[in-house]
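Just below is one structure, and these are the notes that go with it.
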Amino acid sequence: MHLPKKRFTDFAAVRQEISDETDRETGRSKQISSVPIHLSIFSPNVVNLTLIDLPGLTKVAIEGQSETIVQDIESMVRSFIEKPNCIILAISPANQDLATSDAIKIAREVDPKGDRTFGVLTKIDLMDKGTNAVDILEGKSYKLQFPWVGVVNRSQADINKSVDMIAARRREREYFQSSPEYSHLAHRMGSEHLGKMLSKHLETVIKSRIPGLQSLINKTIIELEGELTKLGKPIAADAGGKLYTTMEICRAFDQNFKEHLDGVRAGGEKIYGVFDNQLPAALKRLQFDKHLSIENVRKLITEADGYQPHLIAPEQGYRRLIESCLVTIRGPAEAAVDGVHAILKGIVQKAIAETTELKQYPTLRVEVGNAAFESLERMREESKRATLQLVDMECGYLTVEFFRKLPQDVEKGGNPTHSLFDRYNDSYLRRVGSTVLQYVNMTCASLRNSIPKSIVYCQVREAKRSLLDFFFTELGKKESKQLSKMLDEDPAVQQRRANLAKRLELYRSAQHEIDAVAWSK
């Protein structure tokens with residue numbers, strides 16, 4: 001894998017490259033490295049098998065090695081052979097006492113039942129004369145669940161002479177077939193038999209694990225698809241595709257925004273809170289009865305008379321008193337408009353956060369947010385104008401029927417012979433104040449119903465209908481480069497999506513192949 005584009009056809013060159021890569025990794029020292037060298041071999045003469053060649057276990061550190069190398073090697077070996085899917089090839093030399101074999105010892109520790117341990121005996125041809133390994137190979141000396149396999153590798157002299165593997169295996173076969181001690185075992189000895197046996201065993205293990213593998217692969221595919229969905233679709237290259245992508249993302253945001261207002265998502269109910277709590281509480285705080293004190297009523301009525309007293313009723317005084325009360329409703333009305341505006345802005349921010357696609361493109365997220373806020377600002381101004389107009393209408397034209405229904409008083413005009421400041425007695429002024437308060441309360445109740453209607457019509461309904469209309473108009477005028485700037489996805493996300501798509505393709509391929517194996521069982 002460190003030379004992905006290079007193919008080797010000369011085995012001697014392969015050996016040299018392994019040696020060179022080892023030196024590059026370890027710095028031409030006696031140290032070891034946990035970084036693996038990956039080598040894929042393609043040949044009609046090899047079985048389907050993944051082999052991990054681990055460093056041999058050692059007992060002491062030699063010159064040039066760290067003091068911890070013994071433990072380092074053992075830890076590395078254990079990290080591989082502890083995996084339940086791993087077949088352990090416990091290799092021991094035949095010319096040494098098997099009782100001292102480190103490979104057998106560590107294999108027994110991680111695989112006490114021997115379900116995945118295969119014993120391999122090397123250097124059989126180097127045993128002292130008069131000795132042999134028959135008892136071991138027949139399982140009498142040290143029994144394993146699977147039969148021991150003896151192999152005869154190339155000698156150093158053969159390696160130096162570049163004896164190829166085909167010739168080496170032929171010699172191996174001849175050795176076992178021609179040796180009186182091993183001829184009866186020759187059919188299950190040698191590297192070729194070992195490879196076929198391991199491949200067959202691996203196939204058996206894999207088939208037994210197929211249901212688990214299928215479940216794992218299916219789960220991984222679902223996870224990868226989910227993560228790809230979160231990352232969103234890749235950006236189109238052409239202007240039309242970019243515009244379509246942008247519009248689709250904006251529509252997704254707009255839909256989320258509407259769902260908040262319609263109650264599908266939380267947040268829209270706060271608007272009703274403004275109408276049901278905030279507005280009534282603000283109107284109540286106006287305290288019209290205090291505003292209509294005897295002193296204030298006398299002041300406004302007498303000021304309305306001017307230099308001469310009224311002849312029948314203090315109509316202008318009534319009007320000024322009513323107007324001075326009603327004009328104070330503008331404050332709560334304006335506050336209600338602003339309250340709904342703040343809630344709508346909060347819903348926009350929520351909808352942006354909930355629109356997965358907008359997380360993908362930071363610039364577009366900012367643009368959509370700004371466009372939505374600008375629209376809400378325009379709607380607020382229109383709502384404020386219309387809502388305050390309702391209050392002004394009530395000030396500008398009084399409901400005459402209310403006053404016609406009032407009981408008539410023969411003394412309602414007061415006594416014109418009194419001085420200007422004594423024209424109206426306290427009882428009369430209280431009656432005027434009470435009448436005005438009734439009218440103002442009636443008008444206030446009416447506005448409490450009409451103000452929410454105005455706000456909903458001008459802000460809420462309009463936001464649902466055309467929040468991004470202006471943005472869409474401007475979007476259609478943008479060129480490909482401008483659209484690209486808005487779709488400025490993080491390169492890391494693009495790379496992540498490409499990697500996930502590649503992994504997903506591999507897992508789907510594996511799923512297809514494993515399903516085929518499962519059906520053929």
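The values are calculated or read from the model by the stated rules, or taken from the named source; none is laboratory data. The model shown is predicted, which means the values in this text are computed figures rather than measured ones. Virtual Cβ from ideal backbone geometry, glycine too; neighbours counted across all protein chains shown. Heads up: the accessible areas ignore ligands, DNA and RNA and are worked out on the full protein's heavy atoms, side chains in. Shrake-Rupley method; radii C 1.70, N 1.55, O 1.52, S 1.80 Å.
Here are the numbers for the structure shown:
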read-out	value
Value of [θ]222 nm, deg cm²/dmol, for the chain, DSSP H segments ≥ 4, -39500 (n - 2.57) each, nearest 500	-19000 deg cm²/dmol
Ranked order, 457, 507, 428 - accessible area, probe 1.4 Å, largest first	457, 507, 428
Cα centre as origin, Lys/Arg/Asp/Glu Cβ charges: the chain dipole, Debye	700
Student exercise, the range 1-82 dipole from Lys, Arg, Asp, Glu Cβ charges, in Debye to nearest 20	280
For residue 102, net neighbour charge (Lys/Arg +1, Asp/Glu -1) across residues whose Cβ lies under 14 Å away	+1
Per-residue SASA entry for residue 254, accessible area with 1.4 Å probe, Å² rounded to 10	30
Heavy atoms of residue 442 accessible to a 1.4 Å probe, total area in Å² rounded to 10	80
Full-extension gain in nm, residue 449 to residue 248, via 0.36 nm per residue minus C-alpha separation	68.5 nm
Out-of-range pairs (alpha-carbon distance over 21 Å; input 59/196; 161/196; 123/143; 83/502; 284/405; 345/481)	59/196; 161/196; 83/502; 284/405; 345/481
Carbon/sulfur fraction of accessible area - the chain, other protein chains in place, 1.4 Å, %	53
Residue 299 accessible area, 1.4 Å probe, all protein chains in place, Å² to nearest 10	100
Cα-only Debye scattering, the chain: base-10 log of I(q)/I(0) at q = 0.06, 0.10, 0.11 Å⁻¹	-0.61, -0.97, -1.05
Scaled radius of gyration (Cα, divided by 2.2 N^0.38 Å) that the range 88-189 gives	1.11
Per residue, the convex hull volume that the Cα atoms of the range 1-82 enclose (Å³)	123
The chain, relative contact order in percent, only Cα pairs under 8 angstrom and at least six apart counted	14
